[in-house]
Amino acid sequence: MLSNQLHNGMETAKLLWSRIPSSEDGEVDGVSMLRTSNGNTAESLDYEVIENQAYRYEQAQRGKLYVGYQVVVKWFLALLIGIGTGLAAVFINISVENFAGWKFSLTFSIIQRSYFAGFVIYVLINLVLVFSSVYIVTHFAPAAAGSGIPEIKGYLNGLDIPGILLFRTLIGKIFGSIGSVGGGLALGKEGPLVHTGACIASLLGQGGSTKYHLSLRWLQVFKSDRDRRDLVTCGCAAGVAAAFRAPVGGVLFALEEVTSWWRSQLMWRVFFTSAVVAVVVRTAMGWCKSGKCGHFGSGGFIIWDTSDGQEDYSFGELLPMAVIGVIGGLLGALFNQLTLHITYWRRNYLHKNGNRVKIIEACLISVITSAISFGLPLLRKCNSCPESDPDSGIECPRPPGMYGNYVNFYCGKDKEYNDLATIFFNTQDDAIRNLFSAKTIHEFSAQSLLTFLVMFYTLAVVTFGTAVPAGQFIPGIMIGSTYGRLVGMFVVNFYKKLNIEEGTYALLGAASFLGGSMRMTVSLCVIMVEITNNLKLLPLIMLVLLISKAVGDAFNEGLYEQQARLRGIPLLESRPKYQMRNMKAKEACGNQKVVSFPRIVKVADVVSILQSNMHNGFPVIDHTRNGETLVIGLVLRSHLLVLLQSKVDFQHSPLPCDPAGVSKSIRHNFSEFVKPVSSKGISIEDIQLSSDDLEMYIDLAPFLNPSPYVVPEDMSLTKVYNLFRQLGLRHIFVVPRASRVVGMITRKDLLIEDSEDSANVELQSTSHLGLGDAYGHCQW
């Protein structure tokens, strides 16, 4: 009783908090058509194996040698995905670090003579980089905007959004990320790297890009949506592994956050891909240590080593750590809600005015961000450098343009530093490293941290949703580490213990904000441990993540779920809605009329039905000798379009000329029915048919799926939901209650050894039957 009241209360809180207008969905002839933010129609993927005669014929021709070849190619593609994603991450990081290094070196050299001239140069460099990013996205690759994680999550959930996995999207994501991150916007490159890895995996899975004549035929082995789903999952894990140098975190991220379907064989390949990424990144960093990568150095790839920080913690510190978790949940939920409202306004009002408005908006935000990051430190008084500790390796002030703490910015004396410039006038990676740093107590004042928190939080909210590649991992870490360090300063002053480090609380704050915003737990916990190289803080990170996620869930959904819903991406969550328990399968169907085909159908009727509605699957009906209606299978819209375009299966007679369908099964290769990835495929408007063609007939028997999934009409919608999601289905037939039972299958009927023939299996199954298992196996 209490749990139900609590559940209803949380649902009410979510409803009140998240009450915004619904996304714009159109309807075509009674069929709901979901549209993404760029106006493209989203279509479901066919993860189910269509066991038509073309498929069965191909399977019969393939022996064990071909199956072994497929396994080898899968592992080879996993290797290529790891290498490609690792090299893309290295290229992005080297480019961002060099652009940032040149920018800060030039600015620091100019401000020695004139701060105004330095400010102008700083703003112009950022403006050029951001302009290049937004121009690439708006004119070349619109699908590259944002992090791409909601779209990839939708793809792995069974939804195909045109354009998200194309070659031009990959190019736009890489170069757009360099411009937006290098331009100093309040966003990160880690989310776009996940999308980059997914694009690389998809392109390798289809053998390259045919449009740009970059294809390899010998790689074009896997053409089904199921195989592409596995490869894209490997790419997502590789993107996280490359972004954070966290291979285990990448595997767990793919498992927890993006994928809806998992199996042990996929786990091995995903783990192998992440391991390859780790080797590639490590090799690249070793090569760059010799100085061959310009400004790229210890400030490049993310790893904030806090292993030399706080050794132990007392029981009394758990309370302020729990407070950090609560703050992270509240600020994370607020961040999600603010970005949701602003993104909705952008999508429905601002961005409808064209690409020019998108470019002006991004450039205006760039100028504002540059002015704040340069101007606010000028208003802050400089502090005297603390007494230097030779063992710490920390220099105060740091040399201009070099990575480290204690930035000398607008200071009158040599031994002074500007604490606000240390985190504001810096790359985000270096700023986080400064906030996480140990043995730097009293480096930052509470006033500076609070100023930075308010301004950067505002900038992150406003920047999210602009037409540039943008990730939220790094801004989230920046925000969380700032208020975490504030709490750490309070704890240091309150407990008066020398072993307490403010950097430890900054790390916990970063974890709490990401948990409160993105609602990840296991994967985020491992990622935070891997990027800080400090296993001792694992229990504390777990504590703040659990608290922040619980607090955030009381108000709204996670960041990616909300953005997916706003973009019109209908995700099937892991748990069905509570009200589905009292609904039946027939109620979900509503009063819609089922459109079906007879087995022998006239071409004109096929064209008419395809033009009049947008259904993607049609039941095929036949009649027995007694005149009884019989559902013989499911035919897909895409398959019908292939048949209409090829015309080789047209016949003059309205009778089945080959009842068994054996001869027709070899007229088509199964790959002909596969829709290109992230593409609209064939349209009925693209097919030209003569008047004679329209008078002919097609026998659909060889091309339909004879064994679609079927549920009785009175099955609960909860069961239907679980079946639909866990099997990755696109269609389920709802039929009346069956009149008779042909047989029953239990576990022992499915335990078939490869070395045994069917007769031995039947004997073994029967010999183990007891009286209670009289119907334990199939009986006729």
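Within segment 693-743, if we keep just the residues that are in contact with a strand residue (DSSP E or B) (Cβ under 8 Å, 6 or more places away or on another chain) and small (Gly, Ala, Ser), the residue that is nearest to LEU655 (Cα to Cα) turns out to be ALA701.
Flag: TRP287 does not match the condition of being within 16 Å of the chain's Cα centre (by Cα), farther than 30 Å from LEU543 by Cβ, open to solvent by 10 Å² or more (accessible area, probe 1.4 Å) and at pLDDT below 85. For GLY503, the conditions (1) under 21 Å from VAL454 (Cβ atoms); (2) more than 27 Å from the chain's Cα centre (by Cα); (3) open to solvent by less than 10 Å² (accessible area, probe 1.4 Å) are fulfilled apart from (1). In summary, PRO659 fulfils each of the numbered conditions (1) part of a loop (DSSP other than H, G, I, E, B); (2) at pLDDT 85 or above with the single exception of condition (2).
None of SER215, SER209, SER133 is at pLDDT 90 or above, more than 21 Å from TRP262 (Cα to Cα) and either over 18 Å from the mean Cα position of the chain (by Cα) or open to solvent by less than 10 Å² (accessible area, probe 1.4 Å) (or both) except SER133.
Residue-level analysis places ILE368 outside the set of residues that are out of contact with any strand residue (DSSP E or B) (no Cβ under 9 Å at 6 or more places or on another chain), of a type in the set (Val, Ile, Thr) and open to solvent by less than 30 Å² (accessible area, probe 1.4 Å).
Given the criterion of a type outside the set (A, V, I, L, M) and modelled with pLDDT under 85, identify the matching residue among ARG228, ARG282, ARG263. Answer to the selection: ARG263. Scanning segment 231-275 for residues that are surrounded by fewer than 24 Cβ atoms within 10 Å (Cβ to Cβ), in contact with a helix residue (DSSP H, G or I) (Cβ under 8 Å, 6 or more places away or on another chain) and either under 25 Å from VAL71 (Cβ atoms) or among the polar types (S, T, N, Q) (or both) yields a count of 13. Filtering segment 721-745 to residues that are touching a helix residue (DSSP H, G or I) at 6+ places or on another chain (Cβ under 7 Å) and either over 17 Å from ILE50 (Cα atoms) or at pLDDT below 85 (or both) leaves TYR721, VAL734. The residues in segment 440-460 that are in a helix (DSSP H, G or I), open to solvent by 10 Å² or more (accessible area, probe 1.4 Å), among the hydrophobic types (A, V, I, L, M, F, W, C) and touching a residue at least 40 places away in the same chain (Cβ under 8 Å) can be counted, and the count is 4. Taking segment 703-741 as the range and being open to solvent by 60 Å² or more (accessible area, probe 1.4 Å) and under 22 Å from ARG599 (Cα atoms) as the test, the residues that pass are TYR709, VAL710, PRO736. Pairs meeting the criteria (first residue in segment 632-649 and more than 13 Å from ILE50 (Cα to Cα), second residue among the charged types (D, E, K, R) and open to solvent by less than 10 Å² (accessible area, probe 1.4 Å), beta carbons under 6 Å, at least 6 apart or on different chains) are LEU643/ASP649.
So, ALA198, is that one under 15 Å from VAL240 (Cα atoms) and without any contact (Cβ under 8 Å) to a residue 60 or more places away in the chain or not? Break it down into steps so the answer makes sense when it comes.
On the way: under 15 Å from VAL240 (Cα atoms): yes; without any contact (Cβ under 8 Å) to a residue 60 or more places away in the chain: yes.
So ALA198 passes the test.
Of all the residues in segment 49-84, those that are open to solvent by less than 30 Å² (accessible area, probe 1.4 Å), touching a helix residue (DSSP H, G or I) at 6+ places or on another chain (Cβ under 7 Å) and more than 19 Å from GLN206 (Cα to Cα) number 2.
The values are calculated or read from the model by the stated rules, or taken from the named source; none is laboratory data. Quantities reported herein were computed from a predicted structural model and do not represent experimental measurements. FYI the Cβ positions are ideal-geometry reconstructions off the backbone, even for glycines, and counts take in every protein chain you see. Side chains are part of the model used for accessible areas, which takes the heavy atoms of the whole protein and leaves out ligands, DNA and RNA. Shrake-Rupley method; radii C 1.70, N 1.55, O 1.52, S 1.80 Å.
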